[in-house]
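Asker: Here you go, one structure.
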Amino acid sequence: MRVFPRFKFVSRAVHEEQEGEHEGKRNNYPLTEGSLCTSLTLTVWKKSLVISCKGFTVIDSYGNLAYRVDNYILHPNEVILMDATGNTVLTLRRSRKLGLVDSWFVYEGEMGKQGGRSKSCKSKESPVCCVRKRVNILDGKGKVQAYVYRVASDSDKRHAAFTVEGSYAHRTCKVFDEYKKTVAEIKRKEANSKDVSFGIEIFQLVVHPGFDPSFAMALVLLLDQMFS
């Protein structure tokens, strides 16, 4: 089932995460269709691999680098999610429209500086989805943090494909699809020792079967821009 028809990564994907079976094996990210049949747990560290940058480093359950983000300013209008080798997976751009709603568009691949397609890389000119921060505090949906909308048609723009609920500030969030099924979770990382605490800079991203880890990580980045 494809949630976004043009978004090849948001689909049923395969990653068999069985203890001891894949020792020493590196996973390729983003995972492709047919590569995720069990839940995948990623460790997210809010720290860039580049000393002069603000960003994220994402490690898989085998200790391998899965994703990286390097931002040169704290609240940029564009955030690029890269794989372990530095290739652009998704480009996230803040909407330039004036207003109180913090909205971001998600594009496949790398975009040109003027918002069009870069000649040197593969990408789509049109966004695959829009993520909007919830701002109406009187709508009776106190747990909702953000909505994810399709952008294919006007009707898609009115009905959220995914809803993020919880508290990103406390690293306790769940992503629900339109049928209220949990597809991804943000959790505090628990230490083996009671004397050790990871705080909120290191946490876990749990991706459930059928949801793509690249898109789940993109939601983490947007929540961080909206609520940090």
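Asker: How much of the accessible area of segment 165-228, probe 1.4 Å, is carbon plus sulfur, in whole percent?
Answerer: 51 percent
Asker: Which entries in Lys47/Lys180; Lys54/Lys174; Lys54/Lys181; Lys54/Lys189 show an alpha-carbon gap greater than 28 Å?
Answerer: Lys47/Lys180; Lys54/Lys181
Asker: How much length is gained if the chain between Val151 and Ala191 is pulled fully straight, taking 0.36 nm per residue apart and subtracting their Cα-Cα distance, in nm to one decimal?
Answerer: Length gained, Val151 through Ala191: 10.3 nm.
Asker: On to the next question. May I ask you to order 211-217, 74-80 by the average number of other C-beta atoms within 10 Å around their residues, highest value first?
Answerer: Result, highest mean Cβ count within 10 Å first: 211-217, 74-80.
Asker: For labels at Phe198 and Val135 in the simple 7 Å Cα→Cβ model, what's the distance in nm?
Answerer: Taking the simple label geometry, Phe198 and Val135 are separated by 3.3 nm.
Asker: Once the piece of chain linking Tyr179 and Thr41 is laid out straight, how much longer is it, given 0.36 nm per residue of separation minus the C-alpha distance between them?
Answerer: Length difference between fully extended and current span is 47.4 nm.
Asker: Something else: For the pair Val50/Leu65, report the inter-label distance in nm, with labels modelled 7 Å from Cα in the Cβ direction.
Answerer: 1.2 nm
The values are calculated or read from the model by the stated rules, or taken from the named source; none is laboratory data. The model shown is predicted, which means the values in this text are computed figures rather than measured ones. Counting neighbours? That spans all protein chains shown, and the Cβs are built from the backbone with ideal geometry, glycine included. The accessibility values were calculated without ligands, DNA or RNA, using every heavy atom of the protein model including side chains. Shrake-Rupley method; radii C 1.70, N 1.55, O 1.52, S 1.80 Å.
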